[in-house]
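For reference, the structure is listed below as structure tokens.
The values are calculated or read from the model by the stated rules, or taken from the named source; none is laboratory data. As the structure is a prediction and not an experimental result, all values here were calculated from the model. Cβ placement follows ideal geometry from the backbone for every residue including glycine, while neighbour counts extend to all protein chains displayed. To get the accessible areas, we keep the full protein, side chains included, count just its heavy atoms, and leave off ligands, DNA and RNA. Shrake-Rupley method; radii C 1.70, N 1.55, O 1.52, S 1.80 Å.
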Amino acid sequence: MEFPLSILIIEKDEEKRQTLETIYSFLGCNCQSGDVDTCLSYLDSSADNIDICMLGNLEDKGDYPSILNKYKNTAFIICDNVYSKKDEHANFIGLMPDEPSYDELISLIHFAQAYRAMRKISKSDDKQNTLIKLLVGKGYAISKVRRLIEQVSKTDANVLILGESGTGKEVVARAIHEMSNRSAKPFVPVNCGAIPGELLESELFGHEKGAFTGAFASRAGRFELAEGGTLFLDEIGDMPLQMQVKLLRVLQERKFERVGSNKVINANVRIIAATHQNLEKMVAENKFREDLFYRLNVFPIETPPLRDRVDDIPLLIQELLNRHGKSQNITLRFTQRAMQTLMQNEWKGNVRELSNLVERLLILHSNEVVDACDLPAKYRGEQQIDDPIAERDALLEAFSSPDFFTDIEDVAETNDDSSLQSLPIIEGEEDMAKAFIPVISKDGINLKDMVSNMEITMIKQALVQCNGVVAKASEHLGLRRTTLVEKMKKYGITAQ
């Protein structure tokens, strides 16, 4: 994988500088370096042309915080493990380990790309900033939605937002309101599916005291509350037919009365409706009024499902991390393998499902690096075995323990009919010399159960050898402590 990025390396130590150049040149990056003074001068004049700046030993020519504050549009990776003010700067991407792994390098580059992309597209006017912040992404599908929002927000036309649940229909509605000349007035949302039909009229139009049982005082409806602004009718497809007639009248005449009153109230309100249902089909089935459909469907906008914009997932995750982690002052980073795994999921719950996953991972792995194995089983795709490379890697992990093969050899010596026979997976590779898989007997084998049994056996052995200390057992098994704890919970194993 290559990354055509421009990287400036500011480092006094020539040997370390050359090492960094070699690493990033290997990844396809365009590296620039030199003495500290020259590099700082170049940063002054060409910061906008630099994708990533590597900061190492500066020869006392400046300090990290002042440089990060000065060049807020530049992504910085710092080669100093003792740097302690990393949480104070949004453009701080991460610390470069002394001996970085491939996944760590890729992860740092990925987050630098995400930061630069967000900063580049947020340099336009304030309204465009608002739109970009609300609708994160740079793919064709979401760019088309942003373009439609810009076009319709300048008018007072009714808008119908269509899309699956969790695709951000209310976010689109709010973006239209924020970019319109009504932005200084209220944005009032109403979920038509969450309010009983007999109460929806009062909710929308308000009521007078004594208009019905329980009406102990006069109350303004949502139309009055949204005066001069925007009324967002979410899940309009769930609105009862009798209410559809009354809504149509208001849209046509721009007037209404409270329940129990004859006083006519003018409605200076923009209507934005949304639904996940197929309204044209509902019209054909006489479940939705045709005249109301055409009155609402002046300017349709379709929100794309997440599966159609997988390239936006890294940017969405970064934005969700910022939103969820900021309040708790925690963060999270993903390896490239974890990110690719997430990008291969179906995401039936769309952005809402992704948001819930990010929030869950922030709780489970706060301030850690999340790998593919740390993801919930649903997102690891454990049920999929179509990829032979992934299957081989899983088998290598499961059967490469020396203790396992000692057990197999003992069984083989005592049982001539054993279905387990040691065979090399890859010949001629020293690292694979001890990697074996079992040969399947005529009766077949349950691979899932076998792998589970192996995990249980290895975990129990490690706990016994480490006297029940989970942290030591995780090191013994080459696992994260949190991963081992999850597996112990899964199999009902206790540390005794």
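Against the definition (modelled with pLDDT of 90 or more, in contact with a helix residue (DSSP H, G or I) (Cβ under 7 Å, 6 or more places away or on another chain) and surrounded by 14 or more Cβ atoms within 10 Å (Cβ to Cβ)), how does LEU332 come out, yes or no?
No.
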request  = Being surrounded by 12 or more Cβ atoms within 10 Å (Cβ to Cβ) and farther than 21 Å from THR494 by Cα is the filter; apply it to region 441-456 and report the residue that is modelled with the highest pLDDT.
outcome  = LEU447
ask   = Do any strands (runs of 3 or more DSSP E) entirely within region 1-79 hold 1 or more residues that are aromatic (Phe, Trp, Tyr) and at pLDDT 85 or above, and if so, which?
value = 75-78
key: Selection within region 81-140 - exposed (fewer than 14 other Cβ atoms within 10 Å of the Cβ), among the small types (Gly, Ala, Ser) and modelled with pLDDT of 65 or more   = ALA90, SER101
ask   = Can you tell me which residues in region 342-375 are in a loop (DSSP other than H, G, I, E, B) and under 25 Å from VAL171 (Cβ atoms)?
value = GLN344, ASN345, GLU346, TRP347, LYS348, GLY349
key: Evaluation of GLY237 against (1) under 34 Å from the mean Cα position of the chain (by Cα); (2) more than 24 Å from TYR294 (Cβ to Cβ); (3) not aromatic (Phe, Trp, Tyr) (one fails), failing number   = (2)
ask   = Would region 468-485 turn up any residue that is surrounded by fewer than 16 Cβ atoms within 10 Å (Cβ to Cβ), modelled with pLDDT of 80 or more and over 27 Å from SER366 (Cα atoms)?
value = no
inquiry  = Need the failing condition index for LEU247 against (1) in contact with a helix residue (DSSP H, G or I) (Cβ under 9 Å, 6 or more places away or on another chain); (2) at positive phi; (3) not acidic (Asp, Glu), just the number.
reply    = (2)
inquiry  = Between a residue in region 354-375 that is open to solvent by less than 10 Å² (accessible area, probe 1.4 Å) and any residue that is in a loop (DSSP other than H, G, I, E, B) and among the hydrophobic types (A, V, I, L, M, F, W, C), which pairs come within a Cβ distance under 8 Å, given they are 6 or more apart or on different chains?
reply    = LEU354/TRP347; VAL358/LEU332; LEU361/LEU332; LEU361/LEU375; LEU362/ILE330; LEU362/LEU332; HIS365/LEU332; VAL370/LEU332
query = Only one of these conditions is not met by ALA157: (1) in a helix (DSSP H, G or I); (2) at pLDDT 90 or above. Which number is it?
reply = (1)
request  = Being touching a strand residue (DSSP E or B) at 6+ places or on another chain (Cβ under 8 Å) and in contact (Cβ under 8 Å) with a residue 40 or more places away in the chain is the filter; apply it to region 92-102 and report the residue that is farthest from ASP312 (Cα to Cα).
outcome  = MET96
task = Scan region 7-41 residue by residue and report those that are open to solvent by less than 20 Å² (accessible area, probe 1.4 Å) and hydroxyl-bearing (Ser, Thr, Tyr).
result = TYR24
ask   = Could you count how many residues in region 301-321 are open to solvent by 20 Å² or more (accessible area, probe 1.4 Å) and either without any contact (Cβ under 8 Å) to a residue 40 or more places away in the chain or among the aliphatic types (A, V, I, L, M) (or both)?
value = 1
query = Is it the case that region 386-403 has a residue that's more than 19 Å from LEU484 (Cα to Cα), more than 11 Å from the chain's Cα centre (by Cα), modelled with pLDDT under 80 and in a loop (DSSP other than H, G, I, E, B)?
reply = yes
query = Restricting attention to region 335-352, which residues are farther than 10 Å from LEU306 by Cα and either of a type in the set (Lys, Arg) or crowded, with 17+ Cβ neighbours inside 10 Å (or both)?
reply = THR335, GLN336, ARG337, ALA338, MET339, THR341, LEU342
ask   = So which pairs qualify, if the first residue must be in region 278-295 and outside any helix (DSSP H, G or I), the second must be open to solvent by less than 60 Å² (accessible area, probe 1.4 Å), the Cβ gap must be under 6 Å, and the two must be at least 6 apart or on different chains?
value = PHE288/LEU279; PHE288/MET282; ARG289/GLN244
message = For region 213-230, check the following and say yes or no: at least one residue is open to solvent by less than 10 Å² (accessible area, probe 1.4 Å), closer than 21 Å to LEU162 by Cα and touching a residue at least 12 places away in the same chain (Cβ under 8 Å).
response = yes
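Per-residue answers, yes or no, for (1) in contact with a Leu (Cβ under 7 Å, 6 or more places away or on another chain); (2) surrounded by fewer than 17 Cβ atoms within 10 Å (Cβ to Cβ); (3) farther than 19 Å from PHE299 by Cα:
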position	(1), (2), (3)
LEU162	no, no, no
ALA173	no, no, no
ARG182	no, no, no
VAL188	yes, no, yes
PRO196	no, yes, yes
